[in-house]
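Step one of this worksheet: look at the structure below.
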Amino acid sequence: MLRLKSSINGPTDVGPIYFKLTTMNNALPETAQTASNFIEAASPHVMNTYGRVPIALSHGQGCRVWDINGKSYLDALGGIAVNTLGHNHPKLVPALQDQIAKIIHSCNYYHVPNQEVLAKKLVELSGMTNVFFCSTGLEANEAALKLARKFGHDKGIEKPEIVVYDKAFHGRSIATLSATGNPKIQAGFGPLVEGFIRVPLNNIEKLKAATEGNPNVVAVFVEAIQGEGGVNPVHMDYLKELRQLCDERDWLLMIDEVQCGMGRTGKWFAHQWADIVPDVMPLAKGLGSGVPIGAVVAGPKAAHIFQPGNHGTTFGGNPLAMRAGVETIRIMEEDGLLENAATVGKHLAAGLNAALANELASGQVKEIRGMGLMVGIELAQPCSALTGQCAENGLLISVTADTVIRLVPSLIMTATEADEVVSILCPLIKKLLLAAA
Ligand SMILES: Cc1ncc(COP(=O)(O)O)c(C=O)c1O
């Protein structure tokens with residue numbers, strides 16, 4: 001067994017597995033070349049919470065990344081819908097370098113001017129009114145849940161209840177995993193937070209029946225496109241019905257745009273395809289192009305629920321995250337990335353549909369769905385093995401909900417790169433299906 005040489009990790013005799021750097025690529029930055037000749041494939045000191053593909057990425061350029069062995073990959077995962085501008089973007093990097101040299105973090109005792117700049121921009125883009133900043137998706141959702149509960153308490157409702165969905169994913173804090181509709185994620189963490197009413201997606205009658213005569217309902221909480229649950233889009237008519245129902249019953253409509261928002265579908269926020277405005281909209285992931293950031297955008301019904309002392313977070317709205325958000329949106333606008341996401345997304349879907357036409361006809365591929373650059377390919381069988389097989393063949397993807405291949409690349413992806421995704425991925429899907437037949 002090869003052993004790690006780095007003095008940082010120190011000698012260890014607990015038997016981790018290492019693999020050796022086999023090639024040295026000229027493109028590798030100096031730090032990666034000098035760090036170590038070995039990388040841990042299993043890491044005994046890091047908690048074992050992720051099923052990892054045994055590669056370590058060293059650097060990237062656009063939609064391409066390199067691992068520490070110098071092998072290159074086309075990145076169709078974008079850090080799970082995070083790297084809006086791809087890697088090493090020529091406009092983003094100097095802006096962040098400038099910011100880091102000035103101030104990375106202050107704290108919320110003081111004003112952070114770019115909080116107002118970014119909030120104003122998000123308000124303009126969403127048609128809403130105010131923003132709370134945090135650092136992750138679950139934090140944004142946690143704040144949304146608190147807003148909904150306080151909205152209820154302010155109306156005299158002591159035990160507020162929130163409508164949530166089958167197959168939803170809202171995060172892994174105790175409250176957000178309770179809102180999540182996946183028993184695997186909840187298992188072992190009970191008792192779950194109470195106050196959620198679960199309904200199936202896209203069925204307004206079932207929602208009405210589940211909430212009939214219940215005076216404690218305060219909000220509906222829904223992803224515009226369920227991401228982790230299998231890339232399941234909410235029907236636009238259903239979103240319109242939700243808006244109407246929430247207005248009639250004085251509930252908050254809270255739309256989780258953490259994964260599907262920030263231009264990915266070709267509009268700034270996926271619900272805008274339904275031409276509605278929510279009362280609360282959590283954002284994160286793509287808003288900072290890789291710098292951790294979260295935000296809760298609120299409309300007039302929810303914008304003034306929190307008062308000083310009701311909510312806060314140390315890192316939320318820090319100068320580095322705010323600069324990343326401001327620059328991400330500026331560059332997206334300058335470079336027409338919404339249009340690009342829509343056009344390249346259509347091109348990608350057309351390519352996948354053509355390449356998998358026979359498998360769609362036979363039912364081995366159940367559906368290719370999504371919007372813009374958020375694409376799910378549902379197979380009739382589990383396909384988690386494809387994540388590693390694609391990586392071996394130079395493509396980064398993910399598989400979610402066991403049977404759905406998820407593509408959420410950077411919004412700078414070109415049509416040629418989309419063709420390359422199809423040409424690597426589809427033969428591997430066919431091979432998997434053949435092996436199972
Ligand atoms: C729709 C949605 N909400 C919330 C989250 C949680 O975000 P985070 O992992 O940043 O806490 C995710 C993460 O995948 C998500 O897809």
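Please treat every number below as a calculation from the coordinates, not as lab data. Small disclaimer: the values here were computed from a predicted structure and weren't measured. Note that we place each Cβ from the backbone using ideal geometry, even for glycine, and neighbour counts take in every protein chain shown.
Any idea what the relative contact order of the stretch 92-334 is, in percent, if you count C-alpha pairs under 8 Å spaced at least 6 apart? Can you show the working numbers first?
On the way: 472 pairs, mean separation 70.4, N = 243.
Computed over the stretch 92-334, the figure is 29 percent.
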**Cα-centred dipole magnitude for the stretch 364-437, charges only on beta-carbon of K, R (+1) and D, E (-1), debye, nearest 20** = 180
**Fill in**
Interchain or sequence-distant (5+) residues whose placed amide H lies within less than 5 Å of the amide H of Val199 are Val164, Tyr165, Asp166
**Asked** Anyone know which of Ala355, Ala270, Ala302 comes out most mobile in the 10 Å Cα GNM of the chain?
**Response** Ala355
**Complete:** Gyration tensor on Cα atoms of the stretch 92-334, a ≥ b ≥ c root eigenvalues, a/c under 1.5 rounded, else prolate if a/b beats b/c, else oblate, says prolate
**Message:** Between 0 and 90 degrees, rounded to the nearest ten: what's the tilt of helix 92-102 against the longest Cα principal axis of the chain?
**Reply:** 80
**Asked** Once phi is turned into θ = phi - 60°, what whole-Hz ³J(HN,Hα) does the Karplus curve with 6.51, -1.76 and 1.60 give for every residue of the stretch 245-261, x standing for Gly and Pro?
**Response** 4, 5, 5, 4, 9, 6, 9, 7, 9, 10, 10, 6, 10, 4, 9, 8, x
**Top of Ala303, Ala187, Ala274 by mean-square fluctuation, Gaussian network on the chain, Cα under 10 Å** = Ala187
**Asked** Which ³J(HN,Hα) values, rounded to whole Hz and listed in residue order, are derived for the stretch 58-65 from phi using the Karplus coefficients 6.51, -1.76 and 1.60 in 6.51 cos²θ - 1.76 cosθ + 1.60 with θ = phi - 60°, glycine and proline given as x?
**Response** 9, 6, x, 8, x, 9, 10, 10
**Request:** Report the extension gain between Asp98 and Gln307 in nm, rounded to one decimal, defined as 0.36 nm multiplied by the number of residues separating them, less their alpha carbon distance.
**Result:** 71.9 nm
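Give me the dipole magnitude in Debye, nearest 20, for the chain about the Cα centre, with unit charges on the beta carbon: positive for Lys and Arg, negative for Asp and Glu. Can you show the working numbers first?
On the way: 36 positive and 41 negative charges, 122 e Å.
In total the dipole reaches around 580 debye.
Using just the helices of the chain, give the 222 nm mean residue ellipticity in deg cm²/dmol: DSSP H runs with n ≥ 4 each add -39,500 (n - 2.57), and the total is spread over all residues, rounded to 500. The partial results should precede the final answer.
On the way: 14 runs with 156 residues, N = 437.
So the calculated ellipticity at 222 nm is -11000 deg cm²/dmol.
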**Prompt:** Taking amide H positions as placed 1.01 Å from N in the peptide plane, with prolines and chain starts having none, which residues 5 or more places from Leu252, or on another chain, fall under 5 Å of its amide H?
**Reply:** Ala219, Val220
**Message:** Distance between the C-alpha centers of the stretch 404-426 and the stretch 301-335? Whole Å please.
**Reply:** 30
**Message:** Restricting to bridges with both residues inside the chain, how much of the DSSP beta-bridge set is antiparallel, in percent to the nearest 5?
**Reply:** 70
**Fill in**
Pseudo-spin-label distance Ser106 to Ala385, built 7 Å along Cα→Cβ, given in nm, is 5.6
**Complete:** For Gln226, the residues 5 or more places away or on another chain with a placed amide H closer than 5 Å to its own amide H are Asn232, Val234
**Residue-wise HN-Hα coupling along the stretch 278-284, computed from phi with Karplus coefficients 6.51, -1.76, 1.60 (Hz; x: Gly, Pro)** = x, 8, 9, 9, x, 10, 5
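At a Förster radius of 22 Å, what calculated FRET efficiency corresponds to the Cβ-Cβ distance of Ala437 and Asp402, to the nearest 0.05?
Numbers: r = 19 Å, r/R0 = 0.85.
After rounding, the FRET efficiency stands at 0.75.
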**Message:** Once each part is reduced to its C-alpha centroid, what is the distance from the stretch 274-295 to the stretch 364-392 in angstrom?
**Reply:** 25
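Two-decimal Rg/Rh of the chain from alpha-carbon positions, Kirkwood Rh?
Reported Rg/Rh (Cα atoms, Kirkwood Rh): 0.97.
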**Message:** Which of Met47, Met281, Met374 has the fewest other C-beta atoms within 10 Å, and how do the rest follow up to the most?
**Reply:** Met47, Met374, Met281
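Calculate, for Asn88 and Arg172, the FRET efficiency according to 1/(1 + (r/R0)^6) with r their C-beta to C-beta distance and R0 41 Å; round to the nearest 0.05.
Details: r = 30 Å, r/R0 = 0.73.
About 0.85, to the nearest 0.05.
Using only alpha carbon pairs under 8 Å that are at least six residues apart, calculate the relative contact order of the chain and give it in whole percent. Working shown, then result.
Working: 879 pairs, mean separation 83.2, N = 437.
It comes to 19 percent, rounded to a whole number.
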**Prompt:** Between Gln244 and Arg198, what is the label-to-label distance in nm when each label sits 7 Å out along the Cα-to-Cβ direction?
**Reply:** 2.9
**Prompt:** What's the longest piece of the chain with no exposed chymotrypsin sites (Phe, Trp or Tyr not before Pro), counting a site as exposed if DSSP puts it in a loop and it has at most 10 other beta carbons within 10 Å?
**Reply:** 111-437
**Fill in**
Most exposed first, judged by fewest Cβ atoms within 10 angstrom, Arg323, Arg198, Arg243 run Arg198, Arg243, Arg323
**Asked** Which of Ala380, Ala119, Ala401 moves most in a GNM of the chain, Cα contacts under 10 Å?
**Response** Ala380
